[in-house]
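This report concerns only the one structure given below.
None of the figures in this text is laboratory data; all of them are computed from the coordinates on show. Because the structure is a prediction, the values reported are computed rather than measured. Note that we place each Cβ from the backbone using ideal geometry, even for glycine, and neighbour counts take in every protein chain shown.
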Amino acid sequence: MKVVLFCENTYAIGILYPLELEARKQNYRVKWYLHQSKIYDFKYEQEVDWTYSMQEIYNFNPDAIFVPGNIVPYYLPGIKVQIFHGYAAEKQGHFKIRGYFDLYFTQGPYFTKRFEALKTPRSNFEIMETGWTKQDWIKAHLYDFEEKKKALLGKYNKKQIVLYAPTFSPRFTSLGSMEEILLQFIEKNDVLLLLKFHALTAPEYVKRYKALAAKHASMIWINDPDVAKYLLLSDLMISDTSSVIYEFLLLDKPVITLNTNTKNPKWINIDKPEKLDENFQKAFDDEETKANRQWFRDYYDPYFDGNVCARMFDNVEKYKQEHGIPLSKRMNLWRKYTCIKTFGKIKR
């Protein structure tokens with residue numbers, strides 16, 4: 001099988017890489033597509049077969065295209081598979097059928113039920129529950145960073161590691177109101193604070209918080225685009241309305257958010273930055289939020305068996321046997337225009 005890993009944004013790299021590893025086991029041919037205007041530094045550039053050229057992807061003639069985003073060019077051949085960029089079900093557009101995909105691989109029962117409700121007798125897509133790719137990576141590396149964590153805590157003489165991972169969205173981000181609060185927080189508590197921002201975060205915030213971290217020994221700026229290892233290193237997360245919250249909860253670790261957009265959050269949410277410190281220890285001790293974390297593991301993504309990517313490939317093979325490989329995707333004029341504007345044209 002020939003596989004394309006379709007990477008429009010930097011955050012997609014960590015989502016797609018577990019599929020690369022599984023494809024090697026199954027001797028599949030893999031080619032990565034990287035969007036040139038958004039991805040400048042590709043950590044696997046010496047390790048995998050990749051291109052910026054959409055024409056090269058078309059000529060590769062893939063059997064399947066795996067996409068963590070919401071759009072894929074209709075004119076590409078291959079079974080188009082939506083694998084999602086996270087668990088943030090409250091974000092606008094998460095449950096929306098745009099017509100680009102043949103398969104939706106859902107993370108768990110909660111998502112499967114929501115997508116099944118959108119299906120009609122005229123729908124031209126299938127829904128299959130597989131789990132999410134990054135859980136395979138987490139499973140394989142669950143204990144790999146214990147020594148690094150111990151070394152960090154020893155080096156900085158701290159007791160715990162806290163991760164601040166806010167959203168980039170101007171509407172929901174907490175970045176504008178957290179600088180002084182975070183300084184007070186690290187002064188009052190025996191913690192090492194990691195600052196890990198989304199790749200699309202506004203440059204002015206990046207500049208401000210980088211400068212803040214440079215001045216304070218208890219803060220570390222993280223430049224790595226992949227957040228997974230820092231989830232494993234950290235004891236608690238501070239955020240707002242970010243899909244990475246759910247990845248952290250699935251590790252059975254506590255979260256504190258500031259003014260999250262999530263309705264009825266199943267973790268500690270504060271309405272004022274000043275309440276961060278008083279809720280810090282409560283986040284570890286609160287029995288209700290502990291039970292809620294188990295709920296997320298049961299319904300959002302129960303597939304922590306290390307076989308998510310293998311299931312995805314198996315389901316693509318089944319779909320291929322039943323339906324064949326589409327040469328392109330039928331699309332309305334607006335969707336076609338959007339594809340061409342975003343990714344350009346190709347020569348058939």
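A few remarks follow.
- Entry note, the range 144-299: relative contact order of 23 percent, from Cα contacts under 8 Å with a spacing of 6+ residues.
- Since only Ala283, Leu233, Pro254 are under comparison, the one whose Cα sits farthest along the positive direction of the charge dipole of the range 144-299, derived from C-beta charges on Lys, Arg, Asp and Glu, is Leu233.
- Simple point charges give the picture: +1 on the Cβ of Lys and Arg, -1 on the Cβ of Asp and Glu, and for the range 52-148 a dipole about the Cα centre of about 520 debye.
- Rounded to the nearest 20, the size of the Cβ-charge dipole of the range 144-299 about its Cα centre is 340 debye, with Lys and Arg at +1 and Asp and Glu at -1.
- Neighbourhood charge, 12 Å Cβ-Cβ cut-off, centred on Lys148 and excluding it, Lys, Arg +1 and Asp, Glu -1: +1
- When the charge dipole of the chain is built from unit charges on Cβ atoms (+1 for Lys and Arg, -1 for Asp and Glu) and taken about the Cα centre, the candidate among Val72, Gln26, Thr338 whose Cα reaches farthest toward its positive end is Thr338.
- Farthest positive-ward along the range 144-299 dipole, Cα basis, beta-carbon charges - from Gln294, Leu193, Ala211: Ala211
- Among Lys215, Lys266, Lys149, the largest mean-square fluctuation in a Gaussian network model of the chain, built with springs joining Cα atoms closer than 10 Å, belongs to Lys215.
- The ellipsoid equivalent to the alpha-carbon distribution of the range 30-112 has semi-axes of 24, 16, 12 angstrom, derived from the gyration tensor eigenvalues as √(5λ) and listed largest first.
- Segment Glu56-Ala211, extension gain: residue separation times 0.36 nm, minus the distance between their alpha carbons: 51.7 nm
- Computed 3J(HN,Hα) for the range 47-54, one whole-Hz value per residue from the Karplus formula 6.51 cos²θ - 1.76 cosθ + 1.60 where θ = phi - 60°, is 10, 10, 8, 9, 8, 8, 8, 5, glycine and proline marked x.
- Per-residue ellipticity at 222 nm computed for the chain from its helices equals -11500 deg cm²/dmol, with DSSP H segments shorter than 4 residues left out and the rest contributing -39,500 (n - 2.57).
- Under-5 Å amide H pairs with Leu163, H placed in peptide plane, nonlocal only: Leu194, Asp235, Leu236, Met237, Ile238
- Restricting the range 43-118 to trypsin sites (Lys or Arg not before Pro) in coil, as DSSP defines it, with at most 10 other Cβ within 10 Å: Lys96
- Computed from the C-alpha gyration tensor, the three semi-axes of the ellipsoid equivalent to the chain are 36, 21, 20 Å, from longest to shortest.
- Loop-resident chymotrypsin sites (Phe, Trp or Tyr not before Pro) (DSSP state other than H, G, I, E or B) in the range 85-167 with no more than 11 further Cβ atoms inside 10 Å of their Cβ: Tyr143.
- Remark: the chain carries a charge dipole of roughly 1320 debye about the Cα centre, counting +1 on each Lys and Arg Cβ and -1 on each Asp and Glu Cβ.
- Asp41-Leu21 pseudo-label distance in nm [points 7 Å out on the Cα-to-Cβ vector]: 2.2
- Vicinal HN-Hα couplings computed from phi for the range 170-183 (Karplus, 6.51 cos²θ - 1.76 cosθ + 1.60; Hz; Gly/Pro x): x, 6, 10, 5, 9, 4, x, 10, 10, 4, 5, 5, 5, 4
- Degrees, to the nearest 10: 146-156 long Cα axis against longest axis of the chain: 40
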